[in-house]
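Derivation of every value follows stated rules applied to the coordinates shown; laboratory data play no part. All values derive from a computational prediction rather than experimental measurement. Counting neighbours? That spans all protein chains shown, and the Cβs are built from the backbone with ideal geometry, glycine included.
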Amino acid sequence: MVINCQYLINLAFYLGVIGIVFFLVYYPKKIEQKNLKQMQDNLKIGDSIITYSGLCGLIEQVEQNYVVVKLKPDDVRIQIEKWAVIEVEVNA
């Protein structure tokens, strides 16, 4: 069997495109998700956080799957799951 060289060039091109898409899109997103999970697992009392819904407050209690947050203006306390925390404010 004789394989046409043009088919091999096309195959290499498509594999190259798939590799580029993987390293430019999928891999960075995977690293970002890993860092977010690590940040959520390392929450501690006194951290100032922001949730996916936009709530800002201070952590008062940390449990395995949730945290109790004191919201800033009125000292209202709410219980949220850790996955809802999107950011820990550094300058708190």
As a check on your grasp of the helix formula, calculate [θ] at 222 nm for the chain: sum -39500 (n - 2.57) over DSSP H runs of n ≥ 4, divide by the residue count, round to the nearest 500. -11500 deg cm²/dmol
Quickly rank 20-30, 34-44 as a protection proxy: mean count of other C-beta atoms within 10 Å, highest first. 34-44, 20-30
Which label belongs to the value computed from this structure, given these candidates for Cα Rg over 2.2 N^0.38 Å: (1) 1.84; (2) 2.28; (3) 1.72? (1)
Would you mind checking the tilt of helix 5-21 against the longest principal axis of the Cα atoms of the chain, expressed as 0 to 90 degrees and rounded to 10? 10
0 to 90° range, to nearest 10: angle between helix 27-41 axis and the chain longest Cα axis: 20
Only Lys, Arg, Asp and Glu count, each charged at its Cβ (+1, +1, -1, -1), so figure out the dipole size of the range 1-84 about its Cα centre, rounded to 20 debye. 240
Connecting C-alpha atoms closer than 10 Å in a GNM of the chain, tell me which of ILE45, ILE18, ILE80 has the biggest fluctuation. ILE18
In order through the range 65-75: 3J(HN,Hα) via Karplus (6.51 cos²θ - 1.76 cosθ + 1.60), integer Hz, x for Gly, Pro: 10, 9, 10, 9, 10, 9, 6, 5, x, 10, 6
